[in-house]
Amino acid sequence: MAFKALSENIKISGEKTQEYLENTAEYYKLRLFKSSMKFTTSLVSMLVLGSIGLLFLAFVSVGIALMISRMIGFPSAGFFIVAGFYLIVLILIAIFGKKYIVKAMLSKFSDLIADEEEFSDTMTQDNTGVSKVSDTKIDQLP
C-alpha cells in the first residue's frame, strides 16, 4: 500500500517536473522573442530616423554651401568650407565622443533587452501546482 502511494507520488512529481520544464522553456522562448522584437523595431526606427536626418542634413549643407559660395564669390568655396566643418566635427567626435556614443548605445540597447520589472518577478505555484509569474519580490516571500 505504502509502496503504491510512494510510486504514485513519484509519478506525479515527474509529471509536474516535466510540466514545469516545458512551461519554463516556453516562457524563455517568449521572453527571447519579445526582446528580439523590441531590439529589431528599435533598430529599424533608428535607421529610418537616421536616414531622414541625413537627407535633411545633406539638403541643408548644400543650401549653406551655395549661400557661402554666393557671399564669397567663388563657386566651390562654400562646399569646401562646409566639408572642412564636417571634417572638424568628425575629428572631434573620433577623439572625444566615442566613449559617450558607446555608453549611450549600450544603455539604450540594454534597456531594450532587459526590463527591470522582469528581474523582480519570481516564480510561484498556484493551487494546481502549475508555475506562474507573480510580481512578488524575493524579500516579501515567507
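Coordinate-derived values only; no laboratory data. The model shown is predicted, which means the values in this text are computed figures rather than measured ones. As a convention, Cβ positions derive from the backbone with ideal geometry for all residues, glycine included, and neighbour counts pool all protein chains shown.
Give the calculated FRET efficiency between PHE39 and PHE96 to the nearest 0.05, with a Förster radius of 35 Å applied to their Cβ-Cβ distance.
So the FRET efficiency works out to roughly 0.80.
Listed values for region 30-36 are Karplus-derived 3J(HN,Hα) couplings in whole Hz (6.51 cos²θ - 1.76 cosθ + 1.60, θ = phi - 60°), namely 5, 5, 5, 4, 4, 5, 5, and x replaces Gly and Pro. Quick one: how many lysine pairs does region 2-113 have with C-alpha atoms less than 17 Å apart and a gap of 8 or more or different chains? Give me the count, please. Going through region 2-113 pair by pair, I get 5. Taking 0.36 nm per residue of separation and subtracting the Cα-Cα distance, full extension of the segment from ASN23 to MET46 would add 4.8 nm.
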